[in-house]
1. Within the stretch 47-54, can one find any residue that is buried (at least 16 other Cβ atoms within 10 Å of the Cβ) and either touching a helix residue (DSSP H, G or I) at 6+ places or on another chain (Cβ under 6 Å) or in a helix (DSSP H, G or I) (or both)?
2. Filter the stretch 84-102 down to the residues that are within 11 Å of the ligand (Cβ to nearest atom) and under 19 Å from residue 28 (Cβ atoms), then identify the one that is farthest from the chain's Cα centre (by Cα).
3. Would it be correct to say that residue 138 is within 15 Å of the ligand (Cβ to nearest atom) and touching a strand residue (DSSP E or B) at 6+ places or on another chain (Cβ under 6 Å)?
4. Evaluate the following for residue 136: is it over 26 Å from residue 223 (Cβ atoms), without any contact (Cβ under 8 Å) to a residue 60 or more places away in the chain and out of contact with any helix residue (DSSP H, G or I) (no Cβ under 7 Å at 6 or more places or on another chain)?
5. When you scan the stretch 174-195, do you find a residue that is touching a helix residue (DSSP H, G or I) at 6+ places or on another chain (Cβ under 8 Å), farther than 27 Å from residue 255 by Cα and in a strand (DSSP E or B), even just one?
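Nothing in this text is a laboratory measurement; each read-out follows from the coordinates by a stated rule. Being a predicted model, the structure only gives us computed values, none of them experimental. FYI the Cβ positions are ideal-geometry reconstructions off the backbone, even for glycines, and counts take in every protein chain you see.
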Ligand code: ARG
C-alpha cells in the first residue's frame, strides 16, 4: 500500500516536472542526446526517403546538434502537434520550416533563423499569378501554417481550404479541387524541378519569412546554444555545403551573410 502510494506520488511528481519544465541545456548535456521533432512531409526540407528521415533541415539540425556536442534523436509528427509538444516537454527542439511570427513567439522561443524564404502562389493556370488574380478563387494551404493568415490578408474575397499536409494541398490542386495553393518557394521550385510535366506554374510571393527552430518558451539557454552552433556551421562551410546540395544556392538569411 505504502509502496503503491509512494510510486503514485513519484509518478505524479515526474509528470509534473515533465509538463512544467522544459529540459534546460545542462540536463540535455548530461543526457548527451538532443530530442528533435519535425514533420517529415515537406521535401526538400524534411521528408522520408523510405524509412529514413532526410532533407535540408534534417542535415542542418544534425550539423548544429553535433556542434553542440550532442547526439540527435528524431521524432516525426503531424505539423500541428509540433509546437504544442514543446510546451509539454515532449521534445527539446522543433525544426519544421516554422516562420517566426508574433503569434508563435508568444508560445515558443525561436532560435536564429536557418533560412529565409516566403510563400508563393502555385497554380495550373498561367493566369493565376498575382494576389489580385486569386479574387473569388479557392486557395489551398496546409493547416497550421503561416500561409493561412497570409492568404486571408489578401485583397479580394477568396476562400481558403486547409489540408493536413502540404502534399495533400498539392494533390487537391492536381485534381482541380482548388484553383491555387500557397507553399514555400523552395518547396515549389523543387516540385517543378522534379516534375516539370506537372503543369505547376509559380506566381507571386505572398509572404516573406524568416524560418527558425523553436524551443520551449523561455528556454533561452538552449535557444542560444543552438543559435551559436548554427552560426558556427555557417562560418565553417558546412551549412553552405548542404544548402548547395539541396538548392544549388545559399539560402541563409541576409543578416547571416
Ligand atoms: N513556412 C510555413 C509556416 O511557417 C510552412 C511550414 C510548413 N512546414 C512543414 N513541415 N510542413 O507555417
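1. Scanning the stretch 47-54 turns up no residue that is buried (at least 16 other Cβ atoms within 10 Å of the Cβ) and either touching a helix residue (DSSP H, G or I) at 6+ places or on another chain (Cβ under 6 Å) or in a helix (DSSP H, G or I) (or both).
2. Per the stated criteria, the residue is 94.
3. Numbers: within 15 Å of the ligand (Cβ to nearest atom): no; touching a strand residue (DSSP E or B) at 6+ places or on another chain (Cβ under 6 Å): yes.
Spelling it out, it is not the case that residue 138 is within 15 Å of the ligand (Cβ to nearest atom) and touching a strand residue (DSSP E or B) at 6+ places or on another chain (Cβ under 6 Å).
4. Taking the combined requirement at face value, the residue satisfies it.
5. yes
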